[in-house]
Amino acid sequence: MTGRNAMAVPPRSTSPAFPFGVPMTQSHPGVSWQAWRQPRRRVRFNVGLSILFLPVVMFTGITVAVVSYQHARRLVTDLNHARMAGLARAMDWQLQVKLSIPVAKRQIAALMDLEDPQPFPRQLQRLKVLRQALEATPAISSYYLGYGNGERLQLRRIRSEVDRTDFRLPAEAAFLAQIGSRESNGRIRTQQVVLDGAFRQLEIRPDPLSASFDPRQRPWYRAALDSSGPVATPVYRFATTGRLGISLAERVPGSATVVGADLPIDQASDALLELGRSLGHLKQVKLALVGPQGNVVALNEAGYGAFRAGTPSTLEGMNRLADATTPVFARIGEQFPALRQSLGYGDQLLTTTLRVDGEGWEVALARAVQVDQTQTYLAIAIPTEQLFAGARRLQQTAVLTAFLVLLVASPLVWLIARLVTRQLRRLALEAQAVQNFEFDAPRTVESVVTEIEELATSFEAMKGTIRRFLGVSAAIAAEPDFERLLVRVLDESIANSRAQGGALFLNLDDDKQLDPELLRNAAGETLPNTLPRFPLADIRRLLVGKASGRRATTGRISAEGSAMERRLAGAMAVDNVPYVSLPLQSRSGDLLGMLLLWFRVPPSDQRVAFMEAFSSTVATTLETRQLIRAQKALFQAFIELIAGSIDAKSPYTGGHCKRVPELTKMLAQAACEETEGPFAAFSLSEDRWEAVHVASWLHDCGKVVTPEYVVDKATKLETLYDRIHEVRMRFEVLKRDAWIRYYQGLLEGGRADELAVERDSDLQHLDQDFAFVAA
């Protein structure tokens, strides 16, 4: 116990304790404790902790319930706005993918090669091109061409049984072609071609219902003629099927032919339905895709966009959202102009609250997909009753959780108190282990109680100091890198001495001066090195007159101290800072360096003694490393001498042995930095880097005994005679082969211009390769 009590710790009162461990002090001088003490009831430690913790647990549970109740609505509102914004982005993305408008426009441009009307048999051959366009755009129901003479060519996809019923098609029908061609008498003859999934013709029949169909009278044709680029019509009813949709069209430049495609809006409605179904927790969400004037493009109402003229439907004939039978849609449609105007150009989402028929709705308006030059808008409506259902469940859960916490608090707190008591007993056992000088036992106490944790930490620190001294001694002895060794030595010195910072001075060049090599603080950060150099004679004079066995110098860095202290004070810009300086001496007594540590408060004698012992290990390690460095420097000089003698043997390769190490290191570094490919896991340790360094310097060491007529070469391919002409002949043979491949390609029917480009490229590469070899 003498080592632990040697620290300046005030004596603790040995008086009995109040309940919960509060000490009673004697406030009446001259009166004995036994006479003054009143009989008091004792409370066990775990019982006292239970009485203390239980009100805290109760208060915490009630506070959580109250706070969650007050902030739930605000939180849900913010989350809903974020959800609506995400919904708008998801809808925009789905519509872009589903409608495939950019892809459809590209397909329309590709069909412009069919600009001239052809007789019926030739038109049949063109159907395969239309089929490829349909397969590339699943959302498009049909592609067609309207010619300036009134003829047309159209291929539509058969999607459902409704289509088969409308056109009276067999069950295996997958495509229907409608062709209107002008006969010799000037009349348009319309015919239908029924095709199956493999695009085999099932039937060719007249199409009298389309006899009066003139593509030149359709809105898409007129709009395309009036425009120089692709156009998109507003939502209208298709003439053939009666369904609602939009048409994309573009006029063939310099012609009266227009290429178009029909896009039923049931694709957009399906996208809205899928998006609505994805919000399983919001089953009553309403989604509408509207145009700039409030006209409906799509709703997440089943069946919208799929009805025909004359079919009974609550949405039949609806053009504006304000005419919808759903009350919330109608209200949004009424306020749509004002909402659209309030939606700023850069705004992502506009939110508002509406009350319709006594029911609250959270409404949002966002920009959606842009069809040609027409901007569409996505309207989202969520009933507040459904929206805040989760908030109410959260409130109920919080209240229920509070009651459950109160229910289990008593036994839980009792258990915690018993655990704390058990930790105190374990701590007592650790104290006995310290008394028996057993320092290897692991720490068994981890407590949330500050006093217990601090006491356990002190025991662990005491054991760790001894373990660290042994471990650090072994670690610094095994550290191969000298620079990292200096950092490790200084950091361990600062950590073990609990200093604010430290500096390491070394005499590496034997110039009678101690140079400041490293300056670091307790946080492990390297500080700017502004310290002065110290003559070795001054440091030796400080060692003279020291008490036997003491080598450390203690004092304060100030402007009024010794010469060394004054210089340190000026360089560090500090004053009156306690410090300890420890000389680092070799086994022969030579001064290798000095370890300087400064503190917030002066260290104790025990700590100074520990630092002296540690500095001896540091000095021994530094001496050994200096010897190793000197040996490596000698070896490096030796291999450079060999490389220099090799380079001196030939003026043509002078400096080669010096350049190869640099190039080798650059290649190795590039391989180490690679993160992909076969070198992704390649790396070199310091020992391997040193091996690469030595190997690259000695790669030509065999040339020391190589004859000069071999080493002394003027070109890359020279031995006893110059072989460059042999190499030139090989390149000429390769160039002859390039001409042979060119003429052979002409004989086989190849294109002369393409073969000439390939030939010239081969010849150019061969000339470049020879220029490199002959350089």
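Values quoted throughout were computed directly from the atomic coordinates according to the rules given, and no laboratory measurement underlies them. Computed from a predicted model, the values in this text were never measured in an experiment. Quick reminder, even Gly has a Cβ in these numbers, built from the backbone with ideal geometry, and neighbours come from all protein chains shown.
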If I stretch the segment between GLU686 and LEU734 completely, what's the gain in nm (0.36 nm per residue apart, minus their alpha carbon distance), one decimal?
12.6 nm
Hydrodynamic calc, the stretch 416-462: Kirkwood Rh from Cα pairs, then Stokes-Einstein at 10 °C with viscosity 1.306 mPa s, so D in µm² s⁻¹ is 148
Hey, rough spin-label estimate for ASP78 and ASP605, points 7 angstrom out along Cα→Cβ, what's it come to in nanometres?
6.2
I'd like the per residue volume of the convex hull spanned by the Cα atoms of the stretch 138-200, given in cubic angstrom.
96
Which whole-Hz couplings ³J(HN,Hα) result when phi for each residue of the stretch 445-455 is put into the Karplus expression 6.51 cos²θ - 1.76 cosθ + 1.60, θ = phi - 60°, listed in order with x for Gly and Pro?
10, 10, 10, 8, 7, 4, 4, 5, 5, 5, 5
Non-local amide H neighbours of LEU518 (under 5 Å, H modeled in plane, Pro and chain starts lacking H): which ones?
LEU504
For ARG189, list long-range residues whose amide hydrogen, built 1.01 Å from N in the peptide plane, is under 5 Å from its own amide hydrogen.
SER181, ARG182, GLU183
Work out how much length GLU203 to GLN669 would gain on full extension: take 0.36 nm times their residue separation and subtract the Cα-Cα distance, in nm to one decimal.
160.5 nm
Long-range amide H contacts for MET594: which residues qualify at under 5 Å (H placed 1.01 Å from N, peptide plane, sequence gap of 5 or more or a different chain)?
PHE505, LEU506, LEU584
Cα-based convex hull, the stretch 724-774, per residue volume (Å³, whole number)
45
How high is the relative contact order of the stretch 66-171, in percent, counting Cα pairs under 8 Å that sit 6 or more residues apart?
19
How would you rank CYS701, CYS672, going from fewest to most other Cβ atoms within 10 Å of each one's own Cβ?
CYS672, CYS701
Using a simple spin-label model with points 7 Å from Cα along the Cα→Cβ vector, what separation in nm is obtained for GLN217 and TYR236?
1.2
So which GluC sites (Glu not before Pro) in the stretch 548-653 pass both tests, a DSSP loop state and at most 10 other Cβ atoms within 10 Å of the Cβ?
GLU560
FRET efficiency for ILE466 and THR444, using Cβ-Cβ distance with R0 set to 25 Å, rounded to 0.05:
0.90
Work out how far the C-alpha atoms of the stretch 648-711 reach from end to end along every principal axis, then list the three figures in whole Å, largest first.
44, 21, 16
Between SER458 and ASN521, what is the spin-label point distance in nm, taking each point 7 Å from the Cα along the Cα→C-beta axis?
2.9
What full-extension length gain, to one decimal in nm, is calculated for THR60 and THR706 as 0.36 nm per residue of separation minus the Cα-Cα distance?
223.7 nm
Quick check on the exposure proxy: order SER683, SER473 from fewest to most C-beta atoms within 10 angstrom.
SER683, SER473
XL table LYS665/LYS703; LYS632/LYS665; LYS658/LYS735; Cα-Cα > 27 Å flagged, in table order, is LYS658/LYS735
Packing-based exposure ordering (other Cβ within 10 Å, fewest first) of TYR743, TYR377:
TYR743, TYR377
